[in-house]
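Chemist: Got a structure here, written out as structure tokens. Questions coming.
Every number in this text was worked out from the coordinates using simple rules, so none of it is lab data. Since the structure is predicted, the reported quantities are computational estimates derived from the model, not experimental observations. All Cβ positions, even for glycine, are placed from backbone atoms using ideal geometry, and neighbour counts span all protein chains on display.
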Amino acid sequence: MTDQAQLHQQLLDRMTANGSLRTEPWKRAAAAVPRHEFLRGGFFRRAVGTDFTGWESVREGDAGWLEGCYADESLVTQIAATIVPEDIRGRILREPTSSSTLPSLVLRMLEDLQVEDGHRVLEIGTGTGYSTAVLCARLGAGNVTSIEYDSRVASRARAALGHLGTYPDLVTGDGLVGHCAGAPYDRVIATCGVRAVPPAWVEQTRTGGLILATICGWLGSSELARLTVHKDGTASGPLLGGAVSFMLARPHQPPPLGLLPDLDEGKERETGTGADVLNNWTSRFVAQLAVPGAQRLTIQRNGRSEDVLVDVETGSWAAVYQDGGRWVVRQDGPEALWDHVEEQFGRWCAAGAPTLEEFTVTVTPEGQTISW
Ligand SMILES: C[S@@+](CC[C@H](N)C(=O)[O-])C[C@H]1O[C@@H](n2cnc3c(N)ncnc32)[C@H](O)[C@@H]1O
């Protein structure tokens, strides 16, 4: 066995042992797709230094490249929407914009998609093309459509897939509008996060079909949802759990914060809901539902740490800090952001603090609601 074949087999064994790879057809599909073929352009590795923490590139042939390709890790392949590994010597500190998702999450999601032979699937977020290739190995390339927003990422994926002789329908554009020409689909799967499932995905999925997508928000909590499309044109279903997170679909990225408001202004009062609700994955998800337009930053001022929520669109803000044993909020703007968080958090606690798996997502032509 070559090193590559051995590393690939170890990855398959690990994914089977940890329960992400569960059924024979997906085991065969995962075995048929060599991940390193989708990472020939290299990847970025997080580099923690004493002076500067950032991303450094690992190119094909570098020490650790092949092992990295078969590690069960997400590998960043593009930064700041333009920079690829071959562009960088040294380190860079900017936001990742494309990656190869960790294989166990790819396979867990494909298993959760509950496909059957002959199903037609729309994937949003082609990325390197790895997950697209696994889908093609399972269903046949003729049944797979994949959309990638970034044209350079899309052309690299097209080349990698073509190199393996795999020719799905690859579309470059905004996957949030789906791809009407191929509709209706039996399944829709998104490998980028969304703030809300777009109505277009529901319209383009047949009745009884499934949509699998990660619902994210600007406070940084997220979860995978599986929705069933109903004949009245709505879709609903549970969150599946596992604290799944993805980079947000590009049109769903938060706006720049710009100049901060004057944080000395505003009305101050005591609050029974501390900023620590923002540190727990589930309660942060709950808070995020209450203030979907808010972004969080933690700043040091007046000799203490303040958690600040800013809603750029409305200009509303809330700063929450601890003063001895009590929590204090100061807020201003048309929306009393922390009042919304308090109200939502209180309702969730009164319901017995249900887990995210007990939440239901509903999508209608008017938009998305999440309830518990
Ligand atoms: C986590 S990566 C996808 C990983 C990929 N499935 C793989 O196996 O390599 C997310 C991708 O979604 C793409 N993306 C972001 N917003 C998108 C949108 N609105 N439509 C289509 N693709 C989008 C990004 O450019 C990025 O390449």
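Chemist: Select, from GLY41, GLY19, the only residue that is in contact with a strand residue (DSSP E or B) (Cβ under 7 Å, 6 or more places away or on another chain) and not in a helix (DSSP H, G or I). So that I can check it myself, show each step before the final result.
Modeler: Working: GLY19 fails: in contact with a strand residue (DSSP E or B) (Cβ under 7 Å, 6 or more places away or on another chain).
Testing whether each residue is in contact with a strand residue (DSSP E or B) (Cβ under 7 Å, 6 or more places away or on another chain) and not in a helix (DSSP H, G or I) leaves just GLY41.
Chemist: A further question follows. Give the residues of region 44-53 that are assigned to a loop (DSSP other than H, G, I, E, B), of a type outside the set (Gly, Ala, Ser) and touching a residue at least 12 places away in the same chain (Cβ under 8 Å), sorted by residue number. Break it down into steps so the answer makes sense when it comes.
Modeler: We begin by selecting, within region 44-53, every residue assigned to a loop (DSSP other than H, G, I, E, B); these are 48-53.
Those still in the list that are of a type outside the set (Gly, Ala, Ser) too: 48, 50-53.
Of everything in region 44-53, those that are assigned to a loop (DSSP other than H, G, I, E, B), of a type outside the set (Gly, Ala, Ser) and touching a residue at least 12 places away in the same chain (Cβ under 8 Å) turn out to be PHE52, THR53.
Chemist: Continuing with the same structure: Scan region 138-159 residue by residue and report those that are away from the ligand (no atom under 12 Å from the Cβ), within 16 Å of SER100 (Cβ to Cβ) and either aliphatic (A, V, I, L, M) or not in a helix (DSSP H, G or I) (or both).
Modeler: Of everything in region 138-159, just one residue is away from the ligand (no atom under 12 Å from the Cβ), within 16 Å of SER100 (Cβ to Cβ) and either aliphatic (A, V, I, L, M) or not in a helix (DSSP H, G or I) (or both), namely ALA159.
Chemist: Go over the candidates ILE83, ILE88, ILE79, ILE92 one by one and state the one that is within 14 Å of the ligand (Cβ to nearest atom), more than 22 Å from LEU164 (Cα to Cα) and touching a strand residue (DSSP E or B) at 6+ places or on another chain (Cβ under 6 Å). Give the steps one after another, and end with the answer.
Modeler: Working: ILE83 fails: touching a strand residue (DSSP E or B) at 6+ places or on another chain (Cβ under 6 Å); ILE88 fails: within 14 Å of the ligand (Cβ to nearest atom); ILE92 fails: within 14 Å of the ligand (Cβ to nearest atom).
The unique qualifying residue is ILE79.
Chemist: One residue is enough: does region 294-310 have a residue meeting the conditions part of a loop (DSSP other than H, G, I, E, B), among the acidic types (Asp, Glu) and surrounded by 13 or more Cβ atoms within 10 Å (Cβ to Cβ)? Steps first, please.
Modeler: First, pick out the residues of region 294-310 that are part of a loop (DSSP other than H, G, I, E, B): 302-303.
Within this subset, residues satisfying the condition of being among the acidic types (Asp, Glu) are none.
Within region 294-310, none of the residues are part of a loop (DSSP other than H, G, I, E, B), among the acidic types (Asp, Glu) and surrounded by 13 or more Cβ atoms within 10 Å (Cβ to Cβ).
Chemist: Residues in region 216-240 that are small (Gly, Ala, Ser) and in a loop (DSSP other than H, G, I, E, B): how many? So that I can check it myself, show each step before the final result.
Modeler: Step one: filter region 216-240 for residues small (Gly, Ala, Ser), giving 217, 220-222, 225, 233, 235-237.
Now restrict to residues that are in a loop (DSSP other than H, G, I, E, B): 217, 220-222, 233.
Total satisfying the criteria: 5.
Chemist: A further question on this structure: Quick one: is ARG326 in contact with a strand residue (DSSP E or B) (Cβ under 7 Å, 6 or more places away or on another chain), loosely packed, with under 12 Cβ neighbours inside 10 Å and closer than 17 Å to GLU268 by Cβ?
Modeler: On the way: in contact with a strand residue (DSSP E or B) (Cβ under 7 Å, 6 or more places away or on another chain): yes; loosely packed, with under 12 Cβ neighbours inside 10 Å: yes; closer than 17 Å to GLU268 by Cβ: yes.
Here the answer is yes, as ARG326 does meet what is asked.
Chemist: Please give the number of the condition THR207 fails out of (1) within 12 Å of the ligand (Cβ to nearest atom); (2) in a strand (DSSP E or B).
Modeler: The single condition THR207 does not satisfy is (1).
Chemist: State all residues of region 126-160 that are within 16 Å of the chain's Cα centre (by Cα) and polar (S, T, N, Q); if no residue qualifies, say none.
Modeler: THR126, THR128, SER131
Chemist: Quick one: how many residues across region 24-73 are out of contact with any helix residue (DSSP H, G or I) (no Cβ under 8 Å at 6 or more places or on another chain) and hydroxyl-bearing (Ser, Thr, Tyr)?
Modeler: Total meeting the criteria: 2.
Chemist: Given the condition within 30 Å of LEU240 (Cβ to Cβ) and either under 22 Å from the mean Cα position of the chain (by Cα) or β-branched (Val, Ile, Thr) (or both), answer yes or no: does some residue in region 330-348 qualify?
Modeler: yes
Chemist: Taking ALA243 as the residue in question, decide whether it is part of a loop (DSSP other than H, G, I, E, B) and either on the phi > 0 side of the Ramachandran plot or not β-branched (Val, Ile, Thr) (or both). Show your work before the answer.
Modeler: Values: part of a loop (DSSP other than H, G, I, E, B): yes; either on the phi > 0 side of the Ramachandran plot or not β-branched (Val, Ile, Thr) (or both): yes.
Considered against the rule, which asks whether it is part of a loop (DSSP other than H, G, I, E, B) and either on the phi > 0 side of the Ramachandran plot or not β-branched (Val, Ile, Thr) (or both), ALA243 comes out as yes.
Chemist: If you check VAL84, VAL76, VAL48, which single one turns out to be loosely packed, with under 12 Cβ neighbours inside 10 Å and of a type outside the set (Lys, Arg)? Walk me through how you get there before you give the answer.
Modeler: Numbers: VAL84 fails: loosely packed, with under 12 Cβ neighbours inside 10 Å; VAL76 fails: loosely packed, with under 12 Cβ neighbours inside 10 Å.
Answer to the selection: VAL48.
Chemist: May I ask you to list the residues in region 146-179 that are surrounded by fewer than 24 Cβ atoms within 10 Å (Cβ to Cβ) and of a type in the set (S, T, N, Q)?
Modeler: Across region 146-179, the qualifying residues are SER151, SER155, THR166, THR172.
Chemist: Can you pull out every residue in region 349-361 that is under 19 Å from the mean Cα position of the chain (by Cα) and of a type outside the set (Phe, Trp, Tyr)? Step through it out loud before you land on a result.
Modeler: Filtering region 349-361 down to residues under 19 Å from the mean Cα position of the chain (by Cα) leaves 356-357, 359-361.
Answer for region 349-361, where residues must be under 19 Å from the mean Cα position of the chain (by Cα) and of a type outside the set (Phe, Trp, Tyr): LEU356, GLU357, THR360, VAL361.
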